[in-house]
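Colleague: Right, I'll just put the structure down here and ask away after.
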Amino acid sequence: MPNQRRSNGLWVRYGGEEITDTQVKFAAEHYSVAILQPREVDAARRLKELNPNITVLCYKCLSSTREYEGQAPFTSGVSFAEAQEQEHAGQNWFARRKDGQLIEWDGYAGHFQMNVWNPAYRKQWVANVSAELADSPFDGVMADNDFFGDYYGLNLPIRGARQLRTFHRGLDRLIRDAGKALNRQGKILVPNIAEARCDPGKWERHSAFGGGFEEVFMGWGAEEFLDVASTMAQAHQMMKTHAPVKLVQADGTRLKQPRLTLLRASTDGTNRHPNFRAALAAFWVWGAGEWTALAGTAHDAHNSTPWVQELAWDLGKPEGKYQEKNGALVRRFSKGWAAVNISDHPSGNIPVPAGLEAAHGKAVPSKVVLPPHQGAIYRNRKH
């Protein structure tokens, strides 16, 4: 029997270790969205069999190709060997330094930056990915490295690009073209949209074909947080009302569906890390039950099945907008309550409505003080 219950859980599972059957069964029961490596077709198919309601996305990189991948399916839209063939044919698909050297990403051996502003590269990326997903159990693509800043040591200027705007324009066009092509196949495109808060309108543009993924929700690392203004700017981009995605099914049927809003909180890799529940509280305070799913993982740690009980909770409908109370942001719902402190100092005493319980049925106080960057999520007490 497929799992029909609500879940706010996101399974970010594109690490190098093979997926186990135990993980697949756990994921089918506990998560609403999963992101898997392209090679995990069998796991994707099994997830859909166990839970037809789960959305399963295929990882693809927009901006790099990986030298160490010798055979399909590739994590990039264009393989290293294919790019080399095009270079020999006079095409310019690799980004190069002024001296002609390929640009290998800092911290990621074997990842080489691609010339995303080259129309031929973009066209082939779209053609390859569309063909791969055409008869696939994947519901669409999570497109990684829709970057904003220089995270990988590009050290501009390089050949053909003096500023990052050249990359941004290329990624705009690649996401638009790939999104349209996939939507015509009934598939979605969900980019990992970097720093939309720094480019108002980017989230709207890049999420238009399926949704968006914010990989550094509220902070860069387990102990490295965005400041209050940046956190609010990040949330406000996702809080705006976004038009639904228009898809064409295999039989020609046209339909509309809401965009996905996927979030990842940076933790130490354990379920007990406070960033996990803080992000989940913010998920409710700002998302008001409209955002899709949340994960909590350590940096580049994508092999496990992180989970907290509250991810399965449905707090119901919001009863008004969120409010600031004694240094925290709080919101009441028909079935619960959430509060988060996004500042660097403790909150004051925050009144907690009566009749609520914490995880595992634990009683809650009439007032709470939230430490910096922590949150609380309670639901109506069961009778």
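Colleague: Any idea of the accessible area per residue across the chain, 1.4 Å probe, to the nearest Å²?
Modeller: Value returned for the chain: 44 Å² of accessible area per residue.
Colleague: Something else about it: Take residue 18 and residue 360, extend 7 Å from each Cα along the Cα→Cβ direction, and tell me the distance between the two endpoints in nm.
Modeller: Each label point lies 7 Å from its Cα, and together they span 3.5 nm.
Colleague: Taking θ as phi - 60°, what are the ³J(HN,Hα) couplings along segment 115-122 by the Karplus curve (6.51, -1.76, 1.60), each to the nearest whole Hz, with x for Gly and Pro?
Modeller: So the J values, rounded to whole Hz, are 7, 6, 8, 7, x, 5, 4, 4.
Colleague: Out of residues 5 or more away from residue 106 or on other chains, whose amide H comes under 5 Å of its own, with H placed 1.01 Å from N in the peptide plane?
Modeller: Amide H to amide H, under 5 Å and 5 or more residues apart or across chains, residue 106 pairs with 153.
Colleague: Per residue of segment 155-162, what does 6.51 cos²θ - 1.76 cosθ + 1.60 with θ = phi - 60° give for ³J(HN,Hα)? Whole Hz please, x for Gly and Pro, Karplus curve as stated.
Modeller: Listing the rounded values in order: 6, 5, x, 10, 4, x, 8, 8 Hz.
Colleague: Turning to a different aspect of this structure: HN-Hα J couplings of segment 94-103 from phi, Karplus 6.51/-1.76/1.60, θ = phi - 60°, integer Hz, Gly and Pro as x?
Modeller: Each residue's phi maps through the Karplus curve to give 7, 6, 9, 6, 4, 8, x, 6, 5, 10 Hz.
Colleague: Hey, in the GNM for the chain with a 10 angstrom Cα cutoff, which one of 143, 328, 208 fluctuates hardest?
Modeller: Comparing 143, 328, 208 in a Gaussian network model of the chain, the most mobile one is 328.
Colleague: For a quick check of your reading of the filter: which trypsin sites (Lys or Arg not before Pro) in segment 345-383 sit in a DSSP loop and have no more than 14 other Cβ atoms within 10 Å?
Modeller: Taking segment 345-383 and a limit of 14 other Cβ atoms within 10 Å, the loop trypsin sites (Lys or Arg not before Pro) found are 362, 381, 382.
Colleague: Given H placed on each backbone N at 1.01 Å, which residues far from residue 34 in sequence or on other chains put an amide H within less than 5 Å of it?
Modeller: 11, 55, 56, 57
Colleague: I've got another one for you. Once the piece of chain linking residue 109 and residue 253 is laid out straight, how much longer is it, given 0.36 nm per residue of separation minus the C-alpha distance between them?
Modeller: That works out to 47.4 nm of additional length.
Colleague: What ranking, highest mean first, results for peptides 368-377, 314-323 when packing means the other Cβ atoms within 10 Å averaged over each residue?
Modeller: Per-residue mean Cβ counts within 10 Å order the peptides as 368-377, 314-323.
Colleague: Output needed for the chain: three equivalent-ellipsoid semi-axes, defined as square roots of 5 times the C-alpha gyration tensor eigenvalues, in descending order, whole Å.
Modeller: 37, 24, 18
Colleague: Quick check on packing: order 335-345, 11-21 by the mean number of other C-beta atoms within 10 Å, highest mean leading.
Modeller: So the peptides 335-345, 11-21, ranked by packing, come out 335-345, 11-21.
Colleague: State, as an integer percentage, the relative contact order of segment 77-151 based on alpha-carbon contacts under 8 Å between residues 6 or more apart.
Modeller: 26 percent
Colleague: When the C-alpha atoms of segment 206-275 are aligned to their principal axes, what extent does each axis show, in angstrom, from largest down?
Modeller: 49, 27, 15
Colleague: If you average the sequence gap of Cα pairs under 8 Å that are 6 or more apart and divide by the length of the chain, what percent do you get for the contact order?
Modeller: 13 percent
Colleague: Continuing with the same structure: Using only alpha carbon pairs under 8 Å that are at least six residues apart, calculate the relative contact order of segment 201-302 and give it in whole percent.
Modeller: Relative contact order for segment 201-302 comes out at 31 percent.
Colleague: If amide H atoms are built 1.01 Å from N in the plane of the peptide, which residues on other chains or at least 5 residues away come under 5 Å of the amide H of residue 245?
Modeller: Close amide H contacts, sequence-distant or interchain: 257, 259.
Colleague: Per the helix-only calculation at 222 nm, which mean residue ellipticity applies to the chain, given -39500 (n - 2.57) for every DSSP H run of n ≥ 4 and division by its residues, nearest 500 deg cm²/dmol?
Modeller: That calculation yields -7500 deg cm²/dmol at 222 nm.
Colleague: For residue 99 and residue 324, calculate 0.36 nm times their separation in residues minus their Cα-Cα distance, and state this gained length in nm to one decimal.
Modeller: 75.6 nm
The values are calculated or read from the model by the stated rules, or taken from the named source; none is laboratory data. Only a predicted model underlies this, so the values are computations on that prediction, with no experimental measurement involved. Positions of Cβ are backbone-derived with ideal geometry, glycine not excepted, and every protein chain shown enters the neighbour counts. Side chains are part of the model used for accessible areas, which takes the heavy atoms of the whole protein and leaves out ligands, DNA and RNA. Shrake-Rupley method; radii C 1.70, N 1.55, O 1.52, S 1.80 Å.
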